[in-house]
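Encoded as structure tokens, the structure appears first; notes follow it.
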Ligand code: ADP
Ligand code: MG
Ligand code: MG
């Protein structure tokens with residue numbers, strides 16, 4: 001079985017930061033259709049801060065990496081997505097405990113705990129056109145493999161197009177939110193793709 005150590009989790013966060021940089025304009029474009037056109041810059045600012053704090057403090061366990069990254073997102077990202085993504089990473093990290101390395105199976109279990117915490121904090125249900133529509137199928141498929149999780153999260157993000165938003169800013173648009181892909185579901189798929197693209201040791 002693959003062993004995922006603190007370095008793996010640092011590389012995941014670096015890959016997520018790179019993906020967010022690459023896709024920032026696209027995320028902002030999606031948010032300009034059904035929100036306030038800041039999702040790309042919110043995510044860029046947050047993940048740049050995550051990269052910086054991980055270099056500075058160099059946490060030594062998978063759990064400590066994700067908890068520090070989550071705290072940093074909460075303190076640097078204004079808007080709905082900061083506390084939600086911060087909670088996702090903090091609660092996933094907390095669920096990993098203080099083990100020096102974890103298995104893919106343990107990561108899948110912990111990630112499901114983190115996603116459940118996002119659902120509890122934001123009060124969204126599947127089908128409400130939020131990040132959960134990518135996170136929930138991604139978390140479920142992570143038990144199979146990271147590649148399956150990436151595919152499921154991508155499909156989940158694409159499936160938000162015909163949905164009407166029932167949470168967050170996009171919900172103010174009512175039926176006019178239909179026909180656009182949710183920005184947060186799109187960035188969640190990027191986060192999971194970054195995980196799938198990071199190789200373990
Ligand atoms: P803001 O809407 O405050 O400008 P962002 O643009 O950074 O924040 O993030 C918007 C994304 O946050 C949405 O596309 C949606 O996926 C997600 N989101 C908003 N509210 C919720 C919620 N209650 N539960 C889950 N996700 C949410
Ligand atoms: Mg926004
Ligand atoms: Mg905003």
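All of the numbers you see were taken from the coordinates with simple rules; none came from a lab. Remember, predicted model here, so these are calculated numbers, not experimental data. Cβ sites come from the backbone with ideal geometry, for glycine too, and all protein chains shown count toward neighbours.
Here are some notes:
- Helix axis angle, 62-76 relative to the chain longest principal axis, alpha carbon, degrees: 40 degrees
- Sites residue 33 and residue 125 - FRET efficiency at Förster radius 25 Å, r taken between beta-carbons, to 0.05: 0.65
- Sites residue 144 and residue 164, calculated FRET efficiency, Cβ-Cβ separation with R0 41 Å, nearest 0.05: 0.85
- Taking the convex hull of Cα positions in region 4-196, its mean projected area over all directions (nm²): 8.8 nm²
- Counted by neighbouring Cβ atoms within 10 Å, the residues 90, 71 run from fewest to most as 71, 90.
- Taking other C-beta atoms within 10 Å as the exposure proxy, 41, 75, 199, 188 rank 199, 75, 41, 188 from fewest upward.
- Folded to 0 to 90 degrees: helix 104-122 orientation relative to the chain principal axis, Cα: 40 degrees
- Centre separation in Å (Cα based) which lies between region 72-103 and region 169-192: 21 Å
- Ascending count of other beta-carbon atoms within 10 Å, so fewest first, for 150, 11: 11, 150
- Compared with the dominant Cα axis of the chain, that is its longest principal axis, helix 39-57 is turned about 10°.
- Residue 103-residue 25 FRET efficiency (beta carbon distance; Förster radius 25 Å; 0.05 resolution): 0.10
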